[in-house]
Structure formats: structure tokens, C-alpha cells
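The values are calculated or read from the model by the stated rules, or taken from the named source; none is laboratory data. From a predicted model like this one, the values you see are computed outputs, not experimental measurements. Methodologically, a virtual Cβ is constructed for each residue, glycine included, from the backbone with ideal geometry; neighbour enumeration extends over all protein chains shown.
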Amino acid sequence: MNDTSNAQEAVLELGQITKEFPGVVALDRVDLAIRRNELVGLVGENGAGKSVLMKIMIGLIQPDGGTIKLHGAPITLKNPSDAIRNGIGMVFQEGSLVPNLSVTENLFLCHEADFRKLGILSLRSMRAAARELLTQLKLHIDVDLPVAEITTAERQMVEIARLLWLSKLYGQENPVLILDEPTTVLADSERETLFEILHELKDRASIVFISHRIQEVLENCDRIVVLKDGKNVTEMAASESRLLKIEQLMVGHSFSVDRFHRDGEWRQAEKEILRVENLGKAEHFQPLDFTVREGEIVSLIGLVGSGKEAVCRCIAGLEKADTGGTFLDGRKLPGGSPSAAVRAGIGHIPIDRRSEGLALMMSVAENVNLLVLNRLKAAGFLSPAREKKNAHHWVAECQIKTPSIGTLCANLSGGNQQKTVISKWLSSRVRLLILDHPTRGVDVGAKDEIYKLIRKLAREGIGMLIMCDTLEEDIGLANRLLVMKDGRLVKEIASSPEQKPTPQDIIGLIV
């Protein structure tokens, strides 16, 4: 690290922070310094200790040992409100705004008294202050809109604006803003806008940026701190870092040259699982035709709005197409019926596993068994022994890392939550699996495990329709690529270990 970087003033310093939970050392003497006007990237696998460290930084939990200094002075952060008063705030991945309240009401929630005149709340003053605050961040949002009606990217910026306002309210000139996976559900254009704003914010704030997208950390952060198993691994200037090196430090081993390598066992099967004929939905995608064979991975590629998401939702029965039909093993499925699709053998792994794919407050076993309860009965009643046996089988089969099958899914890492969703569908003897961005929001180690699981399913004859986070994933995993643009299927491309298209070959087709 260069001398200029070392000379920067540390706004917030955490020294030798330790935190233990029953049976687990979450943090083992971790050090972290946040310097004035810098954007520092914090990376590590799920379970590395990032979330626990951030919760300590905002007073949500207390450390068992270690020190915290703010501007060089020791401090105890008792709770999140105390942290905010000291200029430390966090934008959580799940968000913390109230959807049915307006942008203005969310910005100043619990601080309306600052806008009272002669005991009467001045909505005009609140709106004016909200517009001024958002203008400083170059945001043009109708401040009277309910938060539920603005985009995810705009919600994140509203949360950042609120934290900046609160810091100024409490007299903090250089606040510390913690962003937890802010780009997970953003489109490319929204990510670019977010980073433009963050780089401008560095003039008046220090930012901690947590992300599983290592490339964007390298491109946008000044410094990178790597955690593994609750310990410091290293920190380095982003300009001196490389993607593969960071990934190796995170997981503790190197990756093969071809991360998506297929074993060469797959050969084009003759048996057709899925046939889509003249399927179309007005204002979403024009009528199209394609097939998926036994053990084949077919990737749908296109920009947001290309129609690929709507195609998958129609096949899964979540939406009803206007024309054409879907055939599974030669039998036509009724459109717009998720239950009929499930009974026929179609599984759907949604992009938002937490709200759509899992029952978070149910156990791993309950989620795995959710679709097969009828098969687990004995003499007309659910058999606890069969439930346990089935859950243990799929936990082992999908290599789900969990303390027990009774652990709540809410307490699993992102990668293990995703593997639990997959195991639920496999338990139901699925024939076709639709995977909507299966590695989104999971760390690099968990991604590799999911890649292996996808290839294993293909070898077992399950057909898959997949939409990935990157073109490299699409090309590396799929046997065939279906390229969509503006609601039309524009090209079909074969992808094999011997002959793969490049991302550049595809970019010209989708933009």
C-alpha cells in the first residue's frame, strides 16, 4: 500500500474485534480502519464474518472483545440509533424503507418535529427539504410517490440520502456509510449510476462497500479488505489487485483454468423434454419456438426487457401467454397454472430466493420436503422418520452446509439458501428446471459449488432453462444459447467445450 494511503486519517477504527456465538467464532481479532473520503471494499465468502462485523459497526450487536475508535477516540456504539448519531449508518441488502409511505415521509421518518411550525407539521417544508436533499445526489424522483412505486436503485439512494441527512442533523461532517450488496438486483445502467453517485459522495463521506461481484469492487474501490473464516486475510490497494488473486484469498485455494468446464460426458440427447410452440405474450415477447432436450442446459440471453424473463414465467405457469403452448414430454400444459406446471415436473428457481423461493422461517427439512409431503405419509399421516430421511438425503446430495436439518433457512448463507431451493425441486423429481440467475448474491466459493451441482443435474438427465448473471456464465454452462432482443428470438448458438462463442460475439446481438 502506498504512503499516501497510509497517511489518510482513519475516521473509524476497529481493533482486534472478537465475537463468538454458541459453537462458532464469528470474528477472531479482526482489524478494520475506514479512512476519510475513501471507498473501501469488504469481501469474503458467506460466513467470513462480514455481516457480523458490520452489525458491530452500527451497534446492532456488541463485540465480546476489541476496541472501536471514532476520530481517534474510544467509543461504545450501544444501538443503531447511537451509531447514526455518531455518523455511522448502513443500507441493508433487503432495504429498510416503509413501502406504503412516500419518499418524503421515509426520508424524515421519526424526525418530523424538525418541520413543525407553531406546533403544526409543514408538509411544504418537508417536500422542499426532500427535493433539495435528492437534488444534491442528482436524483430526480417525485418525492410524493410511495416508495413501493420507485425503482430498487432509487430506493437505495433514498436510504443513502436519509443517512446523509441524519449525519448532518447530528453534526457529523464525514459520515461512514455501509452498503451491503447494493448492486445485487440492479440493472447495468442502474449500477453505473450508483457508482457515479458513490464516487461523488467520497468528497463528504467514507463508504464501506460489500459485494460478491469482485470485478466491480476492483473497478470502483480504493482499497480492498479480505476476510476468511472470521479473520483478516489481507488488505491491498484495488489498483494493485487482480480478480483471480482476490478469489483465491477468499476461498483459500485456486480455481481451475476453466471454471465452467463440462466433463465432456454430455452428448446431444434425442429425447425432447420441453417444446415451446408459437408462444407469445403481447407487450413482452413475440411468438417463438424452441426445445430443451434431456440433460441439456439452454441459456436465454438478453438485456432486461428483452422478454426472456416473461418467457420463463409463462413456461413455469406464473403468467399466461396469449398465443401458442408449452409441451412437457409431449403433453400440453394449461397456461397460467403454476400448480399444473409443478405436477407435470417443471421447477422454477426465482431470482429472489428469499421472498419467492424459500419459507425463511421454516427449517431446512421443511423447505426440502415442502413439495413432496404426500410421498412422506405412512398410514395417511406424515411420517417424521420419512421426513428426516428425505431431508438428510437431499442435504447430502446438494452439499448444503447447515448445522442441522432443523436450522431455519433464514440463518443459512446465500449460497446454502440457493442450494436448499434447488434441493426442494429435485426432491419433487423435477424433469425441467428453470433457473433465474442462480448465482446472484452468492460468494465465489458457493458459485463454484452451484456450477458443479448444475452440471451434475444435467448428467442425470434433467433439462434446464437458465438465465445467468454474466455472459461468461451463460457461455460456460450452457449447451445452447437462445439470444433475445426487443421481445424477439434473434439467434440460436451452439456452445460446446470445443467451440464456444465469445461474449463479444453475443454483445453485438443484444444491444
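Some values worked out for this structure:
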quantity: Residue match in the range 50-64 (condition: touching a Pro at 6+ places or on another chain (Cβ under 8 Å) and among the small types (Gly, Ala, Ser)); calculated: yes
quantity: For THR183: the one exception among (1) modelled with pLDDT under 90; (2) out of contact with any helix residue (DSSP H, G or I) (no Cβ under 7 Å at 6 or more places or on another chain); (3) β-branched (Val, Ile, Thr); calculated: (2)
quantity: Subset of the range 475-489 [out of contact with any Leu (no Cβ under 6 Å at 6 or more places or on another chain) and either of a type outside the set (Asp, Glu) or at pLDDT below 90 (or both)]; calculated: ILE475, GLY476, LEU477, ALA478, ASN479, ARG480, LEU481, MET484, LYS485, GLY487, ARG488
quantity: Restricting the range 224-248 to residues that are of a type outside the set (A, V, I, L, M) and within 22 Å of THR184 (Cβ to Cβ), the residue that is surrounded by the fewest Cβ atoms within 10 Å (Cβ to Cβ); calculated: LYS228
quantity: Strands (runs of 3 or more DSSP E) lying entirely in the range 1-111 (those with 1 or more residues that are touching a strand residue (DSSP E or B) at 6+ places or on another chain (Cβ under 8 Å) and exposed (fewer than 15 other Cβ atoms within 10 Å of the Cβ)); calculated: 10-21, 24-35, 65-70
quantity: Yes/no for GLY445 being in contact (Cβ under 8 Å) with a residue 40 or more places away in the chain and either over 21 Å from the mean Cα position of the chain (by Cα) or in a loop (DSSP other than H, G, I, E, B) (or both); calculated: no
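Residue by residue, here is whether (1) more than 29 Å from the chain's Cα centre (by Cα); (2) closer than 30 Å to GLU356 by Cβ; (3) of a type in the set (Ser, Thr, Tyr) holds:
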| residue | (1), (2), (3) |
| --- | --- |
| GLU9 | yes, no, no |
| GLY15 | yes, no, no |
| VAL24 | no, yes, no |
| ALA33 | no, no, no |
| LYS55 | no, yes, no |
| GLY66 | yes, no, no |
| PRO74 | yes, no, no |
| LEU97 | no, yes, no |
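To keep it simple, each residue is scored yes or no on (1) part of a loop (DSSP other than H, G, I, E, B); (2) in contact with an Asp or Glu (Cβ under 7 Å, 6 or more places away or on another chain); (3) at positive phi.
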position: GLY335; (1), (2), (3): yes, no, no
position: SER339; (1), (2), (3): no, no, no
position: ARG343; (1), (2), (3): no, no, no
position: HIS348; (1), (2), (3): no, no, no
position: ILE351; (1), (2), (3): yes, yes, no
position: SER355; (1), (2), (3): no, no, no
position: MET361; (1), (2), (3): yes, no, no
position: ASN367; (1), (2), (3): no, no, no
position: LEU370; (1), (2), (3): yes, no, no
